[in-house]
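Inspection log for the structure reproduced underneath, given as structure tokens.
What follows draws every value from the coordinates through simple rules; no lab data is involved. Every value quoted in this text rests on a predicted model; they were computed, and no experiment measured them. Glycine also receives a Cβ, built like all others from the backbone with ideal geometry; neighbour counts cover every protein chain displayed.
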2 protein chains.
Amino acid sequence: MVGIKDIAKAAEVSVSTVSNVINGRKNVGKATREKILSICEEMGYQPNFLGKTLKSGKTDTIVFNFSDFDRAFYLKIIEGINDYLLENGLDLIVSTTNSSQNIMRSNYPQGAIILDKKMDNKFLVSVAGPDFPIVVMDRIVDHNHIKSVIVENYPVMCDLVQSLIDKGFREFGYIGGIESSLDHQERYQAFLDTLEKNDILFHRTHYYHGDFSEESGYRAAKILILSNNLPELLICANDNMAIGAIKALKENNYSIPEDISITGFDDSSMAETYELTTVAIPRYESGYLAAKELVEMIRGTGTNQSFKINATIKWRNTVK
Amino acid sequence: MVGIKDIAKAAEVSVSTVSNVINGRKNVGKATREKILSICEEMGYQPNFLGKTLKSGKTDTIVFNFSDFDRAFYLKIIEGINDYLLENGLDLIVSTTNSSQNIMRSNYPQGAIILDKKMDNKFLVSVAGPDFPIVVMDRIVDHNHIKSVIVENYPVMCDLVQSLIDKGFREFGYIGGIESSLDHQERYQAFLDTLEKNDILFHRTHYYHGDFSEESGYRAAKILILSNNLPELLICANDNMAIGAIKALKENNYSIPEDISITGFDDSSMAETYELTTVAIPRYESGYLAAKELVEMIRGTGTNQSFKINATIKWRNTVK
DNA sequence: TTGTACGCGTTATCAT
DNA sequence: ATGATAACGCGTACAA
């Protein structure tokens, strides 16, 4: 890559003069200026970004870290982050877990947004600081320079279940997700709490294990069908499992919602196709807001107070 | 962020000694070594990646550039790239157009994979070189250090159309994509050429404009329905438009494939749901191969010969 | 206009 | 066994 030195040599001037021309300063003769500019053009000179920031230390770049390639909504989050940064004159780099530690250990980015669960808190605490604030999504880290942006699972799931009860449902089935995940725990707890609040008994036999995959929802529904004891309504901890369940039920000639109602969680792209009643998590917005919170911390105006994002219920046709 | 100097100060030793400990050299006393290690642990020392690479110049990191957030398959490409790099001990950073020029103008990455159409050839030519090879996807740039990895639209579309002719179809309709796009041009040309080869006449009235969006496919099919002159089969330049067309046809009580057969292109996630016959482009593999080609160029063993990737037909139930 | 010190964090070399 | 310091790369800024 051709640098300022190459240009200086080719133009037979000093690097300072080249620098002055590039930065539009006036202390350069017209002839020299034009000569240098034409040589820059010829040789395809591109200023080295790192060299430039060496003095100022400001790259105006932040890093976003994720690692799960199976969920299309990650692109939505990136888009939200990207848009906010673009509007505010900042740059984004995205990295997957293995590379992000290297990037975060450089002085290149000025902050980070972390989604990847594999990025452990200890590491985050060790790199976070006044000059490197971090926003973590969907988890909470107690640190002065780490802020959490989390989607509220609990209240919206309470709302959903309460609304269903208000519609008259009493016999519930539940397909859970990976049980160590916070998402699963919060959603399931909200479900249990709301039933209890309404004095509705939930039989543990109507709980089915899943792992958030469509396949696991399919299997769970197969088992449920074999039990010969269909609940009125099946709540699934996410859309993928709900869709798997729908497929299994349809294969066994059950009609939805006539024979059984179903709800999901996520509002994935497939949810609309299946007319699935679900909970919409504003992915784009959460990315946008995470970026906003991070930039405010970089500018010194933000706080490390957790930021909560509300999800909303999407009523479609899988509920009677 | 705590650096080697901070550790040296805290341990009351020189930076050299700290460096020696960190790099596992043996010329350090046991007591000093342990003291330094424990202080590193305590203070959460993380070696600065850029500082380290300042000497070697080798970051073993490459950059992938894209900008379209609407297509979920981009994640698949990233996954393919990521996997290859991981297997080969390299790191990946992903950037969107606005930030990638800065990154490429740093000496941070050692090569780039470019998917974004907005990244113009002139810029690529100016940064490409023996120390910075580039792989471009889905376009061709003539440069010693720029290699193309392209998906072959033409032959697979010829195959698809020929197979349909062999099945007995004679009356074709076509919904095209954005006409300036290479994808559209190649697919459409293959369609026309194959019909001509089989002496089948294609009426231009059966060509409908689209822009690759579902909405445009829906509109095109609405117009087609109004024409009261349904072809036997409707070929769509991508899946989104095919799905839009299916929705429009179903709304008007046409059965697929009884009343009209339909094909798409892409094998998007929705294609399976709609049982759409389409062309599967191996996204993961193309990312993986692009990374492989790039790394070979970095290692000095690759060439700038274009690399072609074959797509395959997925027969499903929207074709009689 | 030019020469050159400076900034970043680490590593390598040579002294002590 | 430990320390002092130059070097790495590239552009900027300031004195000459």
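Taking a straight line from the alpha carbon of A:LYS117, these aspartates and glutamates sit under 13 Å away, with near neighbours fewer than eight places off in the same chain left out: A:ASP68, A:ASP138, A:ASP183.
Within 10 Å of the Cβ of each residue in B:67-79, the mean number of Cβ atoms contributed by other protein chains is 5. Considering only B:ALA237, B:ALA11, B:ALA290, the mean-square fluctuation computed in a Gaussian network model of chain B, springs between alpha carbons under 10 angstrom, is largest for B:ALA11.
Normalised by the number of residues in segment B:1-66, the average gap of Cα pairs under 8 Å and 6 or more apart makes the relative contact order 36 percent. Summary for A:SER255: label point 7 Å along Cα→Cβ; distances to the equivalent points in the other copies, ascending, 1.9 nm.
Taking every residue in A:199-211 and counting other chain Cβ atoms within 10 Å of its Cβ, the average works out to 0.
Between A:HIS209 and A:LYS30, the FRET efficiency estimated from the beta carbon spacing at R0 = 51 angstrom works out to 0.10. Restricting attention to segment A:79-194, close to 20% of DSSP beta bridges with both partner residues there are antiparallel. Inter-part distance, segment A:189-205 to segment B:231-290, computed on C-alpha centroids, equals 43 Å.
Looking at chain B, the DSSP beta bridges with both ends there are about 15 percent antiparallel. What shape does the protein assembly as shown take by its C-alpha gyration tensor, where a ≥ b ≥ c are the square roots of the eigenvalues and a/c under 1.5 counts as rounded, a/b above b/c as prolate, and the rest as oblate? In terms of gyration-tensor shape, oblate.
Would you please give the residues with an amide H less than 5 Å from that of B:ARG139, counting only those at least 5 places away or on a separate chain, with H modeled from the backbone geometry? Here B:VAL149 satisfy the definition.
Distance from the alpha carbon centroid of segment A:80-100 to that of segment B:73-111 works out to 13 angstrom. Report summary: the helix-based calculation at 222 nm, which adds -39500 (n - 2.57) for every DSSP H run with n ≥ 4 and divides by the residues of chain A, gives -14000 deg cm²/dmol. Hey, in the GNM for chain B with a 10 angstrom Cα cutoff, which one of B:ASP267, B:ASP70, B:ASP131 fluctuates hardest? Looking only at B:ASP267, B:ASP70, B:ASP131, the largest GNM fluctuation is found for B:ASP70.
Peptide B:99-112 has a mean shielding of 5, counted as Cβ atoms of other protein chains within 10 Å of each residue's Cβ.
The GluC sites (Glu not before Pro) found in segment A:2-92 that occupy coil by DSSP, while having at most 14 further C-beta atoms within 10 Å, are A:GLU12. Please give the residues of segment A:170-193, grouped as numeric ranges, whose backbone N is less than 16 Å from a label point set 7 Å along the Cα-to-Cβ vector of A:LYS320. Those under the cut-off are A:170-173.
Distances between copies of A:VAL15, taken at a point 7 Å out from Cα along the Cα→Cβ vector and listed shortest first: 2.0 nm. Its Cα centre serving as origin, segment A:148-248 has a Cβ charge dipole (Lys and Arg +1, Asp and Glu -1) of approximately 360 debye. Here the simple spin-label model places points 7 Å from the Cα toward Cβ, and for B:SER16 and B:GLN305 these points are separated by 5.2 nm. For chain A, a Gaussian network of Cα nodes joined below 10 Å ranks A:GLY217, A:GLY29, A:GLY129 by mean-square fluctuation, and the top entry is A:GLY29. Copy-to-copy label distances for B:GLY44, where each label lies 7 Å from Cα along Cα-to-Cβ, are 4.3 nm in order of increasing length. Residues within the reach of a label modelled at A:LEU54 (point 7 angstrom out along Cα to beta-carbon, backbone nitrogen below 13 Å), restricted to segment B:41-65, are B:51, B:54-55.
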